[in-house]
1. Ignoring any ligand, DNA or RNA, what whole percent of the accessible area of the chain comes from carbon and sulfur when the probe is 1.4 angstrom?
2. When the chain is modelled as a GNM with alpha-carbon springs shorter than 10 Å, which of E20, E125, E274 fluctuates the most?
3. Hey, got the dipole for region 33-148? About the Cα centre, +1 on K and R Cβ, -1 on D and E Cβ, debye to the nearest 20?
4. Place +1 on the Cβ of every Lys and Arg and -1 on the Cβ of every Asp and Glu in the chain, take the dipole about the Cα centre, and give the residue among M34, M114, C346 whose Cα lies farthest towards its positive end.
5. Please find, in a Gaussian network model of the chain (springs between Cα atoms separated by less than 10 Å), the residue of R331, R250, R313 whose mean-square fluctuation is greatest.
6. Whole number in Å², please: accessible area per residue of the chain, 1.4 Å probe, ligands, DNA and RNA not counted.
7. Could you identify which residue out of S84, S235, S266 has the top mean-square fluctuation in a GNM of the chain using Cα springs shorter than 10 Å?
8. Would you please state which residues of region 296-326 a label at T367 would reach in this model, taking the label point 7 Å out along Cα→Cβ and a backbone N cut-off of under 19 Å?
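The values are calculated or read from the model by the stated rules, or taken from the named source; none is laboratory data. All values derive from a computational prediction rather than experimental measurement. FYI the Cβ positions are ideal-geometry reconstructions off the backbone, even for glycines, and counts take in every protein chain you see. Calculation scope for accessible area: heavy atoms of the full protein, side chains included, ligands and nucleic acids excluded. Shrake-Rupley method; radii C 1.70, N 1.55, O 1.52, S 1.80 Å.
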Amino acid sequence: MDEKIYVTKSLLPKYEDYIEEIKSLWESNILTNMGAKHQLLEEKLGDYLKVSQLELVVNGHIALELALQSLGDGVPLSGEVITSPFTFASTTHAIVKSGLTPVFCDINPVDFTMDSTKIEALITERTVAILPIHVYGNVCAVEEIEKIAKKQKLKVIYDAAHGFGVEVKGRGIGTFGDLSCFSLHATKVFNTVEGGCICINQAGYTEKIQAYRNFGMEKGEVEEIGGNGKMHELSAAMGLCNLPLMDEAREKRKVIFERYQEGLASTSVQINPEQTGVTRNFAYFPIVVNPVLCGFRREDILEALEQENIYPRKYFYPLTSQMNCYKGKYRGETPVAEKIAQFVLCLPIYPSLDLAVVDRVCEIISTQSK
Ligand SMILES: *Cc1c(COP(=O)(O)O)cnc(C)c1O
(Lines give C-alpha, C1' and ligand atoms only; values in the text may rest on other atoms or scores of the structure.)
Protein backbone atom coordinates (compact mmCIF):
# COMPACT_ATOMS: atom_id res chain seq x y z
CA MET A 1 0.00 0.00 0.00
CA ASP A 2 1.37 3.44 -0.92
CA GLU A 3 -0.62 5.40 1.62
CA LYS A 4 0.05 4.67 5.28
CA ILE A 5 -2.90 2.91 6.86
CA TYR A 6 -3.54 3.45 10.57
CA VAL A 7 -6.12 1.82 12.88
CA THR A 8 -8.46 4.76 12.51
CA LYS A 9 -9.14 7.86 10.47
CA SER A 10 -11.20 10.76 11.78
CA LEU A 11 -14.70 11.18 10.42
CA LEU A 12 -15.02 14.59 8.77
CA PRO A 13 -18.06 16.28 7.24
CA LYS A 14 -17.84 18.03 3.87
CA TYR A 15 -15.72 21.15 4.25
CA GLU A 16 -18.54 23.33 2.85
CA ASP A 17 -21.03 21.89 5.34
CA TYR A 18 -18.82 22.75 8.29
CA ILE A 19 -18.21 26.29 6.99
CA GLU A 20 -21.96 26.73 6.58
CA GLU A 21 -22.56 25.46 10.13
CA ILE A 22 -20.10 27.85 11.75
CA LYS A 23 -21.19 30.93 9.75
CA SER A 24 -23.69 31.96 12.42
CA LEU A 25 -20.90 32.24 14.98
CA TRP A 26 -19.66 35.34 13.12
CA GLU A 27 -23.12 36.85 13.65
CA SER A 28 -23.75 35.80 17.24
CA ASN A 29 -20.15 36.26 18.38
CA ILE A 30 -20.83 33.62 21.03
CA LEU A 31 -17.97 31.17 20.75
CA THR A 32 -18.31 29.16 23.95
CA ASN A 33 -20.01 29.04 27.40
CA MET A 34 -22.85 26.72 26.45
CA GLY A 35 -23.95 28.59 23.31
CA ALA A 36 -26.62 27.70 20.79
CA LYS A 37 -24.65 24.92 19.08
CA HIS A 38 -23.76 23.38 22.42
CA GLN A 39 -27.43 23.31 23.42
CA LEU A 40 -28.55 21.87 20.12
CA LEU A 41 -25.89 19.17 20.13
CA GLU A 42 -26.79 18.16 23.69
CA GLU A 43 -30.39 17.66 22.60
CA LYS A 44 -29.54 15.79 19.42
CA LEU A 45 -26.92 13.58 21.10
CA GLY A 46 -29.30 12.74 23.92
CA ASP A 47 -31.82 11.55 21.33
CA TYR A 48 -29.22 9.64 19.32
CA LEU A 49 -27.81 7.89 22.39
CA LYS A 50 -31.30 7.37 23.86
CA VAL A 51 -30.41 8.90 27.21
CA SER A 52 -32.54 11.29 29.25
CA GLN A 53 -29.85 13.64 30.59
CA LEU A 54 -26.60 14.44 28.84
CA GLU A 55 -23.93 17.05 29.54
CA LEU A 56 -21.26 17.91 26.99
CA VAL A 57 -17.71 18.47 28.17
CA VAL A 58 -14.36 19.30 26.63
CA ASN A 59 -13.09 15.72 26.37
CA GLY A 60 -13.68 12.15 27.53
CA HIS A 61 -11.02 12.30 30.21
CA ILE A 62 -12.58 15.33 31.89
CA ALA A 63 -15.94 13.55 31.65
CA LEU A 64 -14.49 10.78 33.84
CA GLU A 65 -12.91 13.24 36.28
CA LEU A 66 -16.11 15.28 36.63
CA ALA A 67 -18.17 12.12 37.06
CA LEU A 68 -15.87 10.89 39.84
CA GLN A 69 -15.84 14.28 41.55
CA SER A 70 -19.63 14.47 41.45
CA LEU A 71 -19.90 11.32 43.59
CA GLY A 72 -18.52 13.33 46.49
CA ASP A 73 -21.59 15.24 47.65
CA GLY A 74 -19.77 18.52 48.15
CA VAL A 75 -16.62 17.09 49.71
CA PRO A 76 -13.99 15.39 47.58
CA LEU A 77 -14.47 11.67 47.73
CA SER A 78 -11.78 9.42 49.07
CA GLY A 79 -11.56 5.66 48.99
CA GLU A 80 -11.21 2.86 46.47
CA VAL A 81 -12.63 2.44 43.00
CA ILE A 82 -12.78 -1.01 41.45
CA THR A 83 -11.76 -0.78 37.80
CA SER A 84 -9.97 -2.75 35.10
CA PRO A 85 -6.38 -2.15 33.93
CA PHE A 86 -7.28 -3.28 30.39
CA THR A 87 -8.04 0.25 29.20
CA PHE A 88 -6.54 3.50 28.02
CA ALA A 89 -4.37 5.33 30.60
CA SER A 90 -7.13 7.94 30.99
CA THR A 91 -9.43 5.68 33.05
CA THR A 92 -6.86 5.00 35.78
CA HIS A 93 -5.50 8.56 35.65
CA ALA A 94 -8.99 9.97 36.25
CA ILE A 95 -9.36 7.87 39.41
CA VAL A 96 -5.94 8.78 40.79
CA LYS A 97 -6.21 12.47 39.85
CA SER A 98 -9.53 12.59 41.71
CA GLY A 99 -7.78 11.50 44.90
CA LEU A 100 -9.16 7.97 44.77
CA THR A 101 -7.34 4.65 44.78
CA PRO A 102 -7.78 2.22 41.89
CA VAL A 103 -8.21 -1.47 42.69
CA PHE A 104 -7.72 -3.69 39.68
CA CYS A 105 -10.30 -6.32 38.81
CA ASP A 106 -9.53 -8.90 36.14
CA ILE A 107 -11.35 -9.12 32.80
CA ASN A 108 -13.06 -12.08 31.18
CA PRO A 109 -11.19 -13.65 28.27
CA VAL A 110 -14.17 -13.56 25.89
CA ASP A 111 -15.18 -9.91 25.55
CA PHE A 112 -12.39 -8.31 27.67
CA THR A 113 -14.75 -6.38 29.96
CA MET A 114 -14.58 -6.59 33.77
CA ASP A 115 -15.14 -10.12 35.13
CA SER A 116 -18.18 -9.44 37.31
CA THR A 117 -17.64 -12.66 39.29
CA LYS A 118 -14.40 -11.20 40.65
CA ILE A 119 -15.75 -7.85 41.84
CA GLU A 120 -17.18 -8.76 45.24
CA ALA A 121 -13.94 -10.28 46.55
CA LEU A 122 -12.25 -6.89 46.00
CA ILE A 123 -14.81 -4.84 47.93
CA THR A 124 -13.74 -3.44 51.32
CA GLU A 125 -15.21 -0.78 53.61
CA ARG A 126 -13.13 1.75 51.64
CA THR A 127 -14.78 0.92 48.30
CA VAL A 128 -16.92 3.76 46.95
CA ALA A 129 -17.51 2.94 43.30
CA ILE A 130 -17.08 0.54 40.39
CA LEU A 131 -15.70 1.94 37.13
CA PRO A 132 -15.92 -0.66 34.36
CA ILE A 133 -15.04 -0.04 30.71
CA HIS A 134 -17.11 -1.06 27.68
CA VAL A 135 -13.91 -2.16 25.94
CA TYR A 136 -14.06 -2.06 22.10
CA GLY A 137 -17.77 -1.28 22.40
CA ASN A 138 -18.39 -4.66 24.08
CA VAL A 139 -21.04 -4.26 26.74
CA CYS A 140 -20.00 -4.98 30.34
CA ALA A 141 -22.03 -7.41 32.47
CA VAL A 142 -24.33 -4.49 33.26
CA GLU A 143 -27.03 -6.47 35.10
CA GLU A 144 -24.63 -8.32 37.39
CA ILE A 145 -22.72 -5.11 38.10
CA GLU A 146 -25.96 -3.32 38.96
CA LYS A 147 -26.93 -6.11 41.37
CA ILE A 148 -23.58 -5.97 43.14
CA ALA A 149 -23.66 -2.18 43.33
CA LYS A 150 -27.16 -2.17 44.83
CA LYS A 151 -26.35 -4.84 47.37
CA GLN A 152 -23.07 -3.19 48.42
CA LYS A 153 -24.35 0.41 48.10
CA LEU A 154 -21.72 1.42 45.57
CA LYS A 155 -21.90 3.91 42.72
CA VAL A 156 -21.24 2.81 39.15
CA ILE A 157 -19.58 4.97 36.51
CA TYR A 158 -19.07 3.45 33.07
CA ASP A 159 -16.21 4.44 30.82
CA ALA A 160 -18.21 4.27 27.59
CA ALA A 161 -15.49 5.94 25.50
CA HIS A 162 -15.67 3.05 23.01
CA GLY A 163 -19.42 2.60 23.20
CA PHE A 164 -20.90 5.40 21.11
CA GLY A 165 -24.16 4.23 19.53
CA VAL A 166 -24.13 0.78 21.11
CA GLU A 167 -27.52 -0.48 22.28
CA VAL A 168 -28.64 -3.36 24.46
CA LYS A 169 -32.07 -4.65 23.40
CA GLY A 170 -32.83 -1.19 22.03
CA ARG A 171 -31.63 0.59 25.16
CA GLY A 172 -28.79 3.11 24.87
CA ILE A 173 -25.54 1.95 26.48
CA GLY A 174 -25.27 5.35 28.22
CA THR A 175 -28.32 4.57 30.36
CA PHE A 176 -26.41 2.07 32.51
CA GLY A 177 -24.75 2.97 35.79
CA ASP A 178 -25.29 6.13 37.80
CA LEU A 179 -23.22 7.92 35.16
CA SER A 180 -21.75 6.95 31.79
CA CYS A 181 -18.92 8.83 30.11
CA PHE A 182 -18.29 8.99 26.37
CA SER A 183 -15.27 10.32 24.50
CA LEU A 184 -15.95 12.32 21.34
CA HIS A 185 -12.28 12.49 20.38
CA ALA A 186 -11.14 12.61 16.76
CA THR A 187 -10.06 8.94 16.90
CA LYS A 188 -13.42 7.70 18.15
CA VAL A 189 -16.46 6.56 16.18
CA PHE A 190 -18.14 9.97 16.49
CA ASN A 191 -16.12 13.12 17.05
CA THR A 192 -16.36 16.80 17.91
CA VAL A 193 -12.54 17.05 17.33
CA GLU A 194 -11.95 16.94 21.12
CA GLY A 195 -15.02 16.30 23.21
CA GLY A 196 -16.88 14.15 25.64
CA CYS A 197 -20.18 13.79 27.40
CA ILE A 198 -21.60 12.50 30.64
CA CYS A 199 -24.93 10.67 30.65
CA ILE A 200 -26.71 11.08 33.95
CA ASN A 201 -29.07 8.34 35.12
CA GLN A 202 -29.69 9.38 38.73
CA ALA A 203 -31.10 12.52 40.33
CA GLY A 204 -28.78 15.00 42.02
CA TYR A 205 -25.85 15.02 39.61
CA THR A 206 -26.80 17.44 36.87
CA GLU A 207 -26.35 20.72 38.75
CA LYS A 208 -23.08 19.56 40.28
CA ILE A 209 -21.62 18.45 36.97
CA GLN A 210 -22.76 21.66 35.27
CA ALA A 211 -21.07 23.64 38.05
CA TYR A 212 -17.82 21.64 38.00
CA ARG A 213 -17.69 22.15 34.24
CA ASN A 214 -17.79 25.92 34.66
CA PHE A 215 -15.50 26.96 37.58
CA GLY A 216 -18.05 25.88 40.18
CA MET A 217 -20.58 28.48 39.11
CA GLU A 218 -24.28 28.00 39.76
CA LYS A 219 -26.73 30.76 38.87
CA GLY A 220 -23.94 33.31 38.77
CA GLU A 221 -22.47 32.42 42.18
CA VAL A 222 -19.39 30.29 42.77
CA GLU A 223 -20.88 27.49 44.84
CA GLU A 224 -18.39 24.70 44.19
CA ILE A 225 -14.68 24.26 43.53
CA GLY A 226 -14.57 23.63 39.82
CA GLY A 227 -12.34 23.92 36.78
CA ASN A 228 -13.00 24.49 33.11
CA GLY A 229 -14.51 21.56 31.25
CA LYS A 230 -16.59 23.41 28.67
CA MET A 231 -16.93 22.37 25.02
CA HIS A 232 -16.70 25.35 22.65
CA GLU A 233 -18.99 26.17 19.75
CA LEU A 234 -16.57 25.17 16.95
CA SER A 235 -16.42 21.68 18.45
CA ALA A 236 -20.17 21.50 18.93
CA ALA A 237 -20.58 22.59 15.29
CA MET A 238 -18.37 19.69 14.20
CA GLY A 239 -20.61 17.36 16.18
CA LEU A 240 -23.73 18.80 14.53
CA CYS A 241 -22.17 18.12 11.12
CA ASN A 242 -20.93 14.62 11.96
CA LEU A 243 -24.03 13.30 13.72
CA PRO A 244 -26.17 12.97 10.55
CA LEU A 245 -23.31 10.94 8.99
CA MET A 246 -23.32 8.34 11.75
CA ASP A 247 -25.78 5.82 10.37
CA GLU A 248 -23.98 5.57 7.03
CA ALA A 249 -20.60 5.46 8.78
CA ARG A 250 -21.80 2.57 10.92
CA GLU A 251 -23.01 0.65 7.87
CA LYS A 252 -19.62 1.09 6.19
CA ARG A 253 -17.85 -0.10 9.34
CA LYS A 254 -20.14 -3.12 9.41
CA VAL A 255 -19.13 -4.13 5.87
CA ILE A 256 -15.44 -3.91 6.83
CA PHE A 257 -16.02 -5.75 10.10
CA GLU A 258 -17.79 -8.61 8.34
CA ARG A 259 -15.10 -8.77 5.66
CA TYR A 260 -12.48 -9.27 8.41
CA GLN A 261 -14.66 -11.91 10.08
CA GLU A 262 -14.96 -13.81 6.82
CA GLY A 263 -11.30 -13.40 5.88
CA LEU A 264 -10.05 -14.56 9.27
CA ALA A 265 -12.60 -17.34 9.89
CA SER A 266 -10.22 -20.12 8.91
CA THR A 267 -7.26 -18.73 10.91
CA SER A 268 -6.53 -19.49 14.55
CA VAL A 269 -6.68 -15.91 15.80
CA GLN A 270 -9.41 -15.12 18.34
CA ILE A 271 -11.99 -12.63 17.08
CA ASN A 272 -14.13 -10.23 19.11
CA PRO A 273 -17.40 -12.10 19.83
CA GLU A 274 -20.93 -11.01 19.11
CA GLN A 275 -23.03 -10.36 22.23
CA THR A 276 -26.68 -11.38 22.16
CA GLY A 277 -29.15 -8.51 22.02
CA VAL A 278 -26.40 -5.96 21.41
CA THR A 279 -26.40 -3.50 18.50
CA ARG A 280 -22.72 -2.96 17.82
CA ASN A 281 -20.89 0.14 16.63
CA PHE A 282 -18.04 -1.74 14.90
CA ALA A 283 -15.57 0.69 16.47
CA TYR A 284 -12.60 -1.69 16.67
CA PHE A 285 -11.48 -4.99 15.25
CA PRO A 286 -9.26 -6.59 17.91
CA ILE A 287 -7.69 -10.00 17.34
CA VAL A 288 -6.00 -12.11 19.99
CA VAL A 289 -2.91 -13.93 18.76
CA ASN A 290 -2.11 -16.62 21.29
CA PRO A 291 1.18 -18.12 20.04
CA VAL A 292 0.40 -21.49 21.62
CA LEU A 293 -2.81 -21.79 19.60
CA CYS A 294 -1.63 -19.92 16.49
CA GLY A 295 1.99 -21.00 16.06
CA PHE A 296 3.00 -17.36 15.46
CA ARG A 297 3.21 -14.22 17.55
CA ARG A 298 1.39 -10.90 17.45
CA GLU A 299 4.74 -9.29 16.61
CA ASP A 300 5.06 -11.46 13.48
CA ILE A 301 1.81 -10.04 12.14
CA LEU A 302 2.75 -6.53 13.23
CA GLU A 303 6.03 -6.71 11.35
CA ALA A 304 4.53 -8.24 8.22
CA LEU A 305 1.82 -5.57 8.10
CA GLU A 306 4.20 -2.70 8.79
CA GLN A 307 6.26 -3.77 5.81
CA GLU A 308 3.21 -3.00 3.72
CA ASN A 309 2.58 0.38 5.33
CA ILE A 310 -0.28 -0.95 7.49
CA TYR A 311 0.00 0.00 11.15
CA PRO A 312 -2.20 -1.97 13.56
CA ARG A 313 -2.03 -1.07 17.25
CA LYS A 314 -1.23 -3.02 20.40
CA TYR A 315 -4.31 -1.69 22.09
CA PHE A 316 -4.37 -2.12 25.10
CA TYR A 317 -0.76 -2.78 25.87
CA PRO A 318 0.64 -2.40 28.43
CA LEU A 319 -2.05 -2.63 31.10
CA THR A 320 -2.44 0.63 33.02
CA SER A 321 -1.31 -1.27 36.14
CA GLN A 322 2.00 -1.99 34.34
CA MET A 323 2.66 1.60 33.27
CA ASN A 324 5.73 3.14 34.89
CA CYS A 325 3.66 5.57 36.96
CA TYR A 326 1.49 2.80 38.45
CA LYS A 327 3.64 -0.35 38.52
CA GLY A 328 3.26 -2.21 41.82
CA LYS A 329 1.28 0.60 43.48
CA TYR A 330 -2.26 -0.77 43.65
CA ARG A 331 -3.80 -4.08 44.59
CA GLY A 332 -5.65 -6.58 42.40
CA GLU A 333 -4.47 -9.67 40.50
CA THR A 334 -5.29 -9.61 36.80
CA PRO A 335 -3.77 -12.68 35.07
CA VAL A 336 -6.32 -12.77 32.24
CA ALA A 337 -5.84 -9.08 31.43
CA GLU A 338 -2.06 -9.61 31.45
CA LYS A 339 -2.35 -12.41 28.94
CA ILE A 340 -4.75 -10.60 26.60
CA ALA A 341 -2.58 -7.45 26.67
CA GLN A 342 0.37 -9.58 25.51
CA PHE A 343 -1.57 -11.02 22.57
CA VAL A 344 -4.06 -8.41 21.37
CA LEU A 345 -3.78 -6.38 18.19
CA CYS A 346 -6.32 -3.89 16.80
CA LEU A 347 -6.63 -3.93 13.02
CA PRO A 348 -7.51 -0.85 10.92
CA ILE A 349 -11.22 -0.07 10.74
CA TYR A 350 -12.92 3.17 9.66
CA PRO A 351 -15.69 4.03 7.19
CA SER A 352 -13.48 4.99 4.24
CA LEU A 353 -11.09 2.03 4.60
CA ASP A 354 -10.57 0.30 1.27
CA LEU A 355 -11.73 -3.33 1.28
CA ALA A 356 -8.57 -4.21 -0.64
CA VAL A 357 -6.61 -3.32 2.52
CA VAL A 358 -8.86 -5.55 4.60
CA ASP A 359 -8.33 -8.40 2.15
CA ARG A 360 -4.57 -7.89 2.23
CA VAL A 361 -4.51 -7.90 6.05
CA CYS A 362 -6.50 -11.15 6.11
CA GLU A 363 -4.19 -12.66 3.50
CA ILE A 364 -1.09 -11.82 5.54
CA ILE A 365 -2.59 -13.29 8.71
CA SER A 366 -3.72 -16.40 6.80
CA THR A 367 -0.23 -16.86 5.37
CA GLN A 368 1.21 -16.77 8.89
CA SER A 369 -1.38 -19.34 9.91
CA LYS A 370 -0.10 -21.94 7.45
C1 LIG B 1 -10.32 7.80 24.42
C2 LIG B 1 -10.53 7.21 25.75
C3 LIG B 1 -10.63 8.00 26.90
C4 LIG B 1 -10.31 9.47 26.94
O5 LIG B 1 -11.09 10.24 26.07
P6 LIG B 1 -10.52 11.62 25.48
O7 LIG B 1 -11.72 12.19 24.78
O8 LIG B 1 -9.41 11.30 24.56
O9 LIG B 1 -10.09 12.47 26.61
C10 LIG B 1 -10.95 7.37 28.10
N11 LIG B 1 -11.12 6.04 28.17
C12 LIG B 1 -11.00 5.25 27.09
C13 LIG B 1 -11.24 3.78 27.24
C14 LIG B 1 -10.68 5.79 25.84
O15 LIG B 1 -10.52 5.00 24.79
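1. The computed percentage sits at 51.
2. Greatest mean-square fluctuation among the candidates belongs to E125.
3. Working: 7 positive and 15 negative charges, 66 e Å.
Charge dipole of region 33-148: 320 debye, to the nearest 20.
4. Going by the charge dipole, the pick is M114.
5. Of the options given, R331 has the highest mean-square fluctuation.
6. Per residue, the chain has 45 Å² of solvent-accessible surface.
7. Comparing S84, S235, S266 in the GNM, the peak value goes to S266.
8. 296-313
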